Each structure stands twice: as C-alpha cells, then as structure tokens.
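The values are calculated or read from the model by the stated rules, or taken from the named source; none is laboratory data. As the structure is a prediction and not an experimental result, all values here were calculated from the model. With ideal geometry, Cβ positions are generated from the backbone for all residues, glycine too; neighbour counts draw on all protein chains shown. Protein only, heavy atoms only, side chains kept; ligands, DNA and RNA dropped before computing areas. Shrake-Rupley method; radii C 1.70, N 1.55, O 1.52, S 1.80 Å.
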Amino acid sequence: MKVLITNVEMDGYSGTTLYVKELALGIQNAGIEVEIFTLRVGSIGKELQTSGILVTTKLKELSKPDIVHAHNNITAWPVLFYFKNTPMVFWIHSRLSPLDIPPKHKDIIQYMAVDYNCKERYTQQYGFKPGSVKVRYNWVNLNRFKQKKQPAESLKRALMFSNYATEDGYLSAIRSACAQMDIELEVMGKGTGSAENAPEHYLGSYDLVFAKAKAAMEAMACGCAVIVCDFTGLAGLVTSKNYDNYRRLNFGMKLMDKPITPQDIVDEITLYNAEDALDVTKRLREESNFDQIFTQLTDLYSELIKRYAAGQRGEYSFNIRNYLVTRMATFRIWIGLWTEQHFPAFRKLIGR
C-alpha cells in the first residue's frame, strides 16, 4: 500500500501539521510507503525528510498512491487533478477554516471529521448527507505523552498551553484567577514567544492546564487537570460527568460558549477533585491511544482501496461552483504560499 498525505504546510508545531507528522511516522513504522504533498515544507517537513519520508511541494516528485489521506482543499484539489482515478479520503479538522471547506469529487469516496462539530460543517453548511460522513476522533501518542504523575491533591502549578494566548488578550483573566487561587501560572505558545517543540517533556510537571482540542488531550494524558478554553471562550473543567460530551466535540470550540472572566475561571478551578481527575486521565488514555486509532485508519485505507477497485465512486461529483468557492476562499493563503515558494527572498522579508 502507498499512502499520500496532503496538508497545506509542514511548518510549526500546531494543528494538522503535527497530526500529519505522527500519522506519517506511524505509517512508515508499519512498513507502509508514505509521502506528503504540501505547499510549504517547513521545519516539520524537514524533520520527516531526515526520517526518509518524501515531503515535497512538487507533484511530479510523488509516486502514484493507492490512497490519498487529504487535509485542506488547497492541497486536495491539485492531487485530485494530477492523480486521476485514485481514491481519496478527505478530513475536516476545523469548523471555521476556509481550508476545510470540503471539495466535491467522485474520487473522494469517504468524508471524515475529527468530531461532531466538524461533521455538522459538512451537513449543515454544505448539504452533505449525515450518513456520508464518518467521525474518527483525535488521538494522543501515549509513547510521547506518558502519565508522569498522579493528579495533585491541591493545585499549585498551572500552564496556559495555547498558541493563541497573548498578554493583551484573555490570558490576563486567567492570570488574575490563578493569582486569587494562589496558583503559579506559566505560558507555552507562539502568542507569547514561548512555544516548545516537545511539550511532552514539560506537561507532566503541571497540576492544571488551560488548553483546547489536541493540546487538552495531551495534557490529560500526562495526568493534568484541564480547563478547556481559548480565544473563542471558556468551556470548563473536564470531569468524568462531562467527558463524553467534551470528547464528542474534541474538547474544542463549540464547547467554549462562555466569556473568560477571572471569576468564571475561579469557579471552574474550585470544581477540581483529584480522584475525578485521575478517572478522566485513565479514560482518555484508554480511548485515545494512537496505536488503536492508527489501526482503524489503516483498516479504513484498505477498505476504501477495495471499494474503489470494485467500482465504487463518491456520492458527490465535481461541480464548478464548489471548486470556485473553495479556491476563492483560500486565494489569499495560496498566493502567499506561492509567493514564498517562487520568490525565496520574500520569505526572508517576512521573517519565515
């Protein structure tokens, strides 16, 4: 089996970039051929290249795949047109990003979402039938994010774990709340110039983490209590009672419907219970193991290849309106990446 993964960029420790990195290495370790098509190779792409995985911005350098695992319409379209008559599975990771407007094409024989909020994007915004979209939850690589401790009896150290937290934003409310509760707060993320490339080495030293989505899951896996929040708002402390609903929505933006105020943060902190936090960590580690979900993905690839070989094609054929909508929505992103690729001096000018 040969797998081609697409992603808009392979630069920076965030979002689908890390998802693709872990997936590609897992595929390689399973003895399956894997290549990556992107519009910016970047630091993560170079890491994968040193591991022997082809990461390229040039379609002609790729070998014809048996299956395409596609992220982002901006990279899915070129592959659909270049590798004709090749089955593709297209994933949505974001409810809002223009990159995740789903393309329609007969070679996309399965549409996927990482949670039910993203599934609603397919069905409510773009008219997909609910039965044509499957959900496969995000994972945590437990080989990286080990449970380093039992949850603390009382909260002493906290971490704001987000690339969107800035000193002039909602971070000030969290600082105020932590000060009131006599909790030391640190920050890890691009917004404050404190991003770390290997958060698995640090997360286990905190009692409480403020995060969302995959970052929240990684913190829980390490044994931390987690309050789900980010620039879109506040959800709350993850507990055994709300875990199912929070997991269903990827510990993400649809949950964050409250404003972030010092008092609201204090109220969530006071809900903390060490025994309950341990139950959450155990459950997260049981249900979100990368190895289990990776097996589900490779089984899906094999199933789709067989279905395609048997003559099955996607429900949604190419139409020009859908194509133009996706291209116009992502035009500014594409032109920026194209300029960087063809005029390297521009990259130096903007500090990339």
With Cα atoms, 0 to 90° folded angle of helix 320-329 axis to the chain main axis: 40 degrees
Violating pairs (Cα-Cα greater than 19 angstrom) within the set K2/K84; K46/K212; K104/K212; K84/K106; K156/K214; K148/K282: K46/K212; K104/K212; K156/K214
Trypsin sites (Lys or Arg not before Pro) lying in DSSP loop within the range 26-66, provided at most 13 other Cβ fall within 10 Å: K58
Degrees, to the nearest 10: 171-180 long Cα axis against longest axis of the chain: 30 degrees
Considering only the chain, percent of DSSP beta bridges that pair antiparallel, nearest 5: 10 percent
From phi via Karplus (6.51, -1.76, 1.60), per-residue ³J(HN,Hα) for the range 86-102 in Hz, x at Gly/Pro: 10, x, 10, 10, 10, 10, 10, 10, 9, 7, 10, 5, x, 5, 9, 5, x
Rounded to 10°, Cα long-axis angle of helix 290-309 versus longest principal axis of the chain: 20 degrees
Cβ-Cβ FRET estimate between F318 and K134, R0 fixed at 25 Å, reported to 0.05: 0.70
Per residue accessible area of the chain, 1.4 Å probe, in Å²: 44 Å²
Accessible surface of the range 46-129 [probe 1.4 Å, protein heavy atoms]: carbon and sulfur percent: 49 percent
Relative contact order (%) - criterion: Cα under 8 Å, at least six apart; region: the range 208-352: 18 percent
L234 long-range amide H proximity, modeled H, under 5 Å: D257, K258, I260
The range 175-260: trypsin sites (Lys or Arg not before Pro) falling in loop per DSSP and having at most 13 other Cβ within 10 Å: K241
Sites excluded, GluC sites (Glu not before Pro) in DSSP loops with at most 11 other C-beta within 10 Å, longest stretch of the chain: 168-352
